[in-house]
Amino acid sequence: MTEQIYLVGGAVRDQLLGIEVKDKDWVVVGSSPDKMLAQGFQAVGKDFPVFLHPSTHEEYALARTERKTAPGYKGFQFHAAEDVTLEQDLQRRDLTINAIAQTEDGTLIDPYNGQQDIKDKILRHVSPAFAEDPVRVLRIARFAARFDFTIADETQALIKQMIESGELEYLVAERVWQELDKALGADKPSRFFTSLRESGALKALFPEVDRLFGVPQPEKWHPEIDTGVHVMLVIDQAAKLTQDKIVRFAALCHDLGKGTTPADTLPRHIGHEARSIDLTKALCKRIKAPKEYQEMAVLIAEYHTHVHLLFELKANTILKVLNAFDAFRRPERFQQFLLTGEADSRGRPGYETSAIPELAAFQQCRDTAAKITAQPFVEAGLVGPAISEAMQKQRIIEIKKRQSDWKKTNSS
Ligand code: CTP
């Protein structure tokens with residue numbers, strides 16, 4: 001059999017969707033590890049039939065079939081041999097839109113009608129083999145979010161079966177985080193969560209987010225009432241405001257504590273910030289979220305209400321918030337705080353474009369307090385902790401000046 005090489009997977013899909021192609025994956029039919037190595041390809045891992053091209057370093061995988069012999073990832077067996085056909089290789093893939101191959105002259109080979117599903121904006125599994133890899137439940141929600149596609153009924157039914165059989169318990173933290181992180185990059189990340197919710201996967205994977213749906217908030221401040229709906233609006237507003245996925249993740253976590261508010265105190269959520277902190281920490285630990293995501297999400301869980309309450313805060317509380325975010329040395333962290341606050345405010349129907357005077361006012365506090373440096377106090381002979389104490393006092397004085405300016409503007 002002569003060797004044939006095809007472009008496959010995301011590259012063909014993205015090209016058909018008219019979006020930028022990032023990674024190119026190739027499948028090689030009619031070859032063997034020895035032949036690949038003889039052509040200068042480098043093996044990726046010892047036993048896996050994937051190779052890197054000697055000059056482009058793109059991935060070339062030998063056509064393979066796969067079979068699961070036990071639950072989870074341990075019992076995954078593959079068969080990569082010269083007699084495996086392109087159709088067989090495409091059949092083991094997750095979705096029809098990801099199972100289209102392209103020859104070097106541009107001809108498309110599409111045995112599972114992926115092009116039709118792209119036209120119809122449908123995510124459909126190729127074969128029952130879909131169920132062999134639980135990460136696909138997350139991938140499909142991520143594609144639903146990224147492309148605004150819907151999931152075929154038969155695929156949704158299969159996903160439900162996978163959840164019922166406990167397949168998602170085999171997902172490892174790294175893969176959950178990887179998919180969540182990619183989903184946060186979508187224009188409307190809420191679609192990822194609503195898609196997971198429809199199949200029941202949200203409850204299985206992110207119960208602290210699932211629990212927010214159906215929890216009421218006071219209508220006066222939250223016309224949407226439902227906390228889950230609010231958080232979805234906030235995460236989409238965050239995505240509109242910034243590409244920064246740390247902000248988007250913090251938006252997801254900020255109100256988690258509202259999911260565990262005692263029923264007899266609803267629709268108020270007294271002390272939800274402290275519960276948000278605990279739930280955010282537990283979530284981050286479980287899915288192994290990177291440290292910088294966790295740090296910011298925890299800070300924002302604690303302080304997000306301070307943006308809305310700024311005009312009622314004492315000067316020393318304002319300074320405490322600024323210090324918590326290390327706003328003088330790391331102004332970018334303060335921006336992340338303000339952006340999440342903005343998304344939180346705009347994530348309510350009717351408030352999407354409202355003025356939020358607190359944002360500029362908080363920025364003013366930070367900027368004026370930042371002008372207070374250690375130098376004059378050192379020159380005046382202060383030493384050790386006395387310098388920092390004097391700086392804090394002076395910063396509070398400056399913030400109080402801003403507060404009296406606000407009062408004057410309000411009364412004039
Ligand atoms: N694939 C699969 N099941 C998975 C992962 C990947 O069937 N769990 C197949 C799909 O055919 C996919 C291809 O391998 O298109 C390449 O996978 P990957 O590079 O991880 O994803 P892409 O589909 O290229 O998507 P993205 O653009 O998000 O990376």
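Taking the criterion of being polar (S, T, N, Q), surrounded by 19 or more Cβ atoms within 10 Å (Cβ to Cβ) and within 15 Å of the ligand (Cβ to nearest atom), the only residue of segment 146-194 that qualifies is THR155. Which of the residues that make up segment 89-104 are modelled with pLDDT of 95 or more and either away from the ligand (no atom under 13 Å from the Cβ) or under 28 Å from the mean Cα position of the chain (by Cα) (or both)? Passing the criteria: ARG93, ASP94, LEU95, THR96, ILE97, ASN98, ALA99, ILE100, THR103.
Output the helices (runs of 4 or more DSSP H) that fall wholly within segment 206-277 and possess 2 or more residues being at pLDDT below 95, or say none. Fully inside segment 206-277 and qualifying: nothing. Could you check how many residues of segment 1-38 are more than 15 Å from the ligand (Cβ to nearest atom), surrounded by 17 or more Cβ atoms within 10 Å (Cβ to Cβ) and in a loop (DSSP other than H, G, I, E, B)? Number of matching residues: 2.
For PHE48, are the conditions met, namely being under 27 Å from ASP105 (Cβ atoms), among the aromatic types (Phe, Trp, Tyr) and either without any contact (Cβ under 8 Å) to a residue 40 or more places away in the chain or away from the ligand (no atom under 14 Å from the Cβ) (or both)?
Criteria not met by PHE48.
Select from segment 225-241 the residues that are farther than 17 Å from ARG191 by Cβ and crowded, with 18+ Cβ neighbours inside 10 Å and list them in ascending order. The answer is THR227, and nothing else. For the condition more than 21 Å from GLU87 (Cβ to Cβ), among the charged types (D, E, K, R), assigned by TED's automatic domain parsing to the domain that holds GLN91 and not in a loop (DSSP other than H, G, I, E, B), ASP47 does not qualify. Scanning segment 105-131 for residues that are under 25 Å from ARG191 (Cβ atoms), buried (at least 16 other Cβ atoms within 10 Å of the Cβ) and more than 9 Å from the ligand (Cβ to nearest atom) yields TYR112, ASN113, GLY114, GLN115, ASP117, ILE118, ILE122, LEU123, ARG124, HIS125, ALA131.
For segment 365-377, the condition of being more than 27 Å from the chain's Cα centre (by Cα), of a type in the set (Phe, Trp, Tyr) and surrounded by 11 or more Cβ atoms within 10 Å (Cβ to Cβ) holds for at least one residue.
Any residue at all in segment 284-297 that's within 23 Å of LYS220 (Cβ to Cβ) and part of a helix (DSSP H, G or I)? No: segment 284-297 contains no residue that is within 23 Å of LYS220 (Cβ to Cβ) and part of a helix (DSSP H, G or I).
The values are calculated or read from the model by the stated rules, or taken from the named source; none is laboratory data. The structure presented is a predicted model; accordingly, all values stated were derived computationally and were not measured. A quick note on method: Cβ atoms are made from the backbone with ideal geometry, for glycine too, and the neighbour counts reach across all protein chains shown.
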